[in-house]
1. Calculate the FRET efficiency for M401 and Q276 from the Cβ-Cβ distance with a Förster distance of 41 Å, rounded to the nearest 0.05.
2. Would you kindly state how much longer the chain becomes between D47 and M227 on full extension, computed as 0.36 nm times their sequence separation minus their alpha carbon distance, in nm to one decimal?
3. Along the charge dipole of the chain, which of N75, G374, A432 sits closest to the positive end, that is, farthest toward it, with unit charges on the beta carbon of Lys, Arg, Asp and Glu (+1, +1, -1, -1)?
4. How high is the relative contact order of segment 281-345, in percent, counting Cα pairs under 8 Å that sit 6 or more residues apart?
5. State the extension gain, in nm to one decimal, for the chain segment bounded by E220 and D361, taking 0.36 nm per residue of separation less the distance between their alpha-carbons.
6. Modelling each spin label as a point 7 Å along the Cα-to-Cβ direction, I'd like the L326/V189 distance in nm, to one decimal.
7. Dipole of the chain (Lys/Arg Cβ +1, Asp/Glu Cβ -1, origin at the Cα centre): which of I4, F396, P33 lies farthest to the positive side?
8. Kindly provide the helix-only [θ] at 222 nm of the chain, computed as the sum of -39,500 (n - 2.57) over DSSP H runs of four or more divided by all residues, to the nearest 500 deg cm²/dmol?
Amino acid sequence: MDIINTGLVALLCAMTALIANMSASVFHDGIRPILPQLVEGNMTRRDAGSVAFGLSIGFVASVGISFTLSTGLLNPWLLFLPTDIIGVMLGSRLLAALAGGLWGILVITSLHGVNAVLTGLPVDALGALGELGTPVMTAFALFPLLAIFNQFGWKAGALAGGVVLISRLLVIKYTSIYPESIQIFVGMVMLVGIAIYKDIDNKKKGITPPDMSGMHSLFEERTKRIMKNMPFLAATGALIAIVANAGIFAGSEVSIYSLAEAYKITDQAAQDAAIQQVALSEFMRGLGFVPLIATTALATGVYGVVGMTFVFVVGYLSPNIPVAALLGAITICLEIFLLRKIGHFLEQFPSIRNASDNIRDSMNTLMEFALLIGGVLAVMKMGSTTGLTIFTILFFLNEVMGRPILKIAAPAVAAILTGIALNVLFVFGLFAV
C-alpha cells in the first residue's frame, strides 16, 4: 500500500508541475495573474519563478509542514505550492514533470521517517498534537455568521446569530444530525439571502452595479484557453480525488484535522458519518471560494489546480478509487463549463461577490482562533502548565518578530516546538513525564 500511495502522490505532483509549466493551472491564487505575462513573453521564467517562490515558500514551511506533521495527512500547501514553483521556473515540460514526481516521492518517504522519530520520544508530542483539531469544526461552522457581521453590521449579525443558535439547539434536542452542518447551512442561506435582498433594494434606489460588458471579450478569450487545457485539468482532478479517497490527503485547513480524527474512528458507520460531516463543511467552504476562483480564472485564463475545491468533496464521499477518479474528472469539467455562467451571475449580484471576500476572511479568523485553542489543549496534554508556558513564549515570540510563521500555522508550529523542547528538558532531567 505504501508503494501504491507513493506512486499516486508522485504522479499527482508530476501532473501539477506539468500543468504549471504549461501555465494552465497553479495552486497559489497570487501566481495566476502573472502567468499571462509569461505566456505572452513579457516575463522570463526566472522572474516568474522568483515571484512564485517568494509567494509560496512561507506557506510550505509553515502551513504545509506543520499541518502534515500534526495530522499525518498530506495537504495542498505541502504538495502543490512546490510544484507551482517547479513548473513555473523550469523551461522543459519533461523536466518539470520529473522534478514534480521526485518532490512527491521525497515528501512521502520523509514523512515516515519524521513520524518514526516523533513517536519514539519519551514525551508523546505526536499523540498530543491530535488535540489541535478538537475545536476546529465547531468554530469553523460559524464562518457565515461572522461574514454577516463583517459585511452587513451588528443588527443583521445579531438576528442571524439568534437563528443559528436556535437551529443548533433544536437539532441537538430532536435529531442525531451533527449540529455544525446545520449551522453552516442556515448561516449560508441567511448570508446569501441578505446579500440578494441588499442588491435588489439597491436597484430599487437606482444604485446599479458597475458595467462589466467591456471585459466580456477578454473573458471569452481566457475561457477558451482554459477549455483547451481541460483534458490535463480533468486528469489532475481525477488524481486529487483519488488521493483524497485513499485517506492520505486532506484538501484544506477546514478538513485536515477533522479528517485525521475521523480516520481514527474504528466503527465504520460512525467513521462514515464523520467523513460526511467533513465533506459538508468542505462543500460550504468551496461555495465561499467560487467567486474568487471563477473571476480570477476568467481574467487570467489560468485555472486552479484544485478547481473550485469541490473535487475534495468528491474524493471524500466516493465509495472507491475508480469512482473517485471518474467523478473528480467530471467535477473539474463541469466547473469549467459553468465558468461564464457564474461570471454573469456575479455581475448581477455584487453583494454576493463581495461576500466571498468576507467569507474567506471569516474562515481565516475562525481557523486562527480554533487552532490557537487547539494548540493550548495540545501542549497542556503534553506537559501541563510547563507546556503552556513554552507554547506561550513561542507564540508571542513569533508575534513580536513580525510573524515569520503565518498566524494560521503559528499554533501548530509552536505546539510542535513545545513537544521537542519538553523532550530535551526530559533528557536533561528538568522535566518529568
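Here, each number is a calculation from the coordinates, and none is a lab measurement. None of the values given here were measured: they were computed from a predicted structure. Ideal geometry is used to build each Cβ from the backbone, glycine not excepted, and the neighbour counts take in all protein chains shown.
1. Working: r = 41 Å, r/R0 = 1.00.
Once the sixth-power term is evaluated, E becomes 0.50.
2. Numbers: separation 180, 0.36 × 180 = 64.80 nm, distance 2.70 nm.
Full-extension gain reported as 62.1 nm.
3. Looking along the dipole axis, the top candidate is N75.
4. 37
5. Details: separation 141, 0.36 × 141 = 50.76 nm, distance 2.98 nm.
Full extension of this stretch gives 47.8 nm more.
6. The modelled label-to-label distance comes out at 3.3 nm.
7. P33
8. On the way: 19 runs with 328 residues, N = 433.
When only DSSP H runs of four or more count, the value is -25500 deg cm²/dmol.
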